[in-house]
Amino acid sequence: MAEGEKTRLIAWSTELRAVHQRLREALRVTRAALDGGAANDPIAPDLLLFCHGFCTALTGHHQGEDRELFPAIAAAHPELRETLRKLTHDHTMIGQLMADLQAAVERDGSPAALRRHLEGIAAIMESHFRYEERQLLAVLESLALDADPHDVLGPL
């Protein structure tokens, strides 16, 4: 295998870690925007923007994994199908939490209510990311997948 090919193969594990870090940072910025307002302030436009951006990015990441990455892993590593099923289930659960957050933002939920939504998402998201990295990073270092990283891991 040529060095350039090996670099592209290993890049999938690097790409996943990088996307997870950008999503963690997007969540941190969203939390900071929420924490910047007073307890009774209406939702600041910055918070709406950060929340929308974070929700869109996380949703796009999970959709890309479900559509592109997980089927490729399942084909190359059938022994990981149960792990992939669990990760897909997590995506569904996180998607519901994201929908609940979006609904709270749209109905001008209190900062305390929005904080609870964000904390729930943060806890599940971090647990999910850590599990996914433990289970899949080694596999991603040897996965032959010729696809655009944005299609596979989302628009971040």
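The values are calculated or read from the model by the stated rules, or taken from the named source; none is laboratory data. Here the structure is a predicted model, which means the values were calculated and not measured. So basically every Cβ, Gly included, is an ideal-geometry build from the backbone, and we count neighbours across all protein chains shown.
Worth pointing out:
- Number of the condition not met by Ala147 [criteria: (1) loosely packed, with under 15 Cβ neighbours inside 10 Å; (2) among the aliphatic types (A, V, I, L, M); (3) assigned to a helix (DSSP H, G or I)]: (3)
- Test: Pro78 is exposed (fewer than 14 other Cβ atoms within 10 Å of the Cβ) and at pLDDT below 95: no
- Conditions (1) closer than 22 Å to Gly120 by Cβ; (2) in a helix (DSSP H, G or I); (3) modelled with pLDDT under 90; (4) among the aliphatic types (A, V, I, L, M): number failed by Val19: (3)
- Checking the stated criteria, Gln102 turns out to be in contact with a Cys (Cβ under 7 Å, 6 or more places away or on another chain), part of a helix (DSSP H, G or I), surrounded by fewer than 18 Cβ atoms within 10 Å (Cβ to Cβ) and in contact (Cβ under 8 Å) with a residue 40 or more places away in the chain.
- Contacts under 6 angstrom Cβ, first residue in region 145-156 being within 19 Å of Ala74 (Cα to Cα) and touching a residue at least 24 places away in the same chain (Cβ under 8 Å), partner among the β-branched types (Val, Ile, Thr) and assigned to a loop (DSSP other than H, G, I, E, B), 6 or more apart: none
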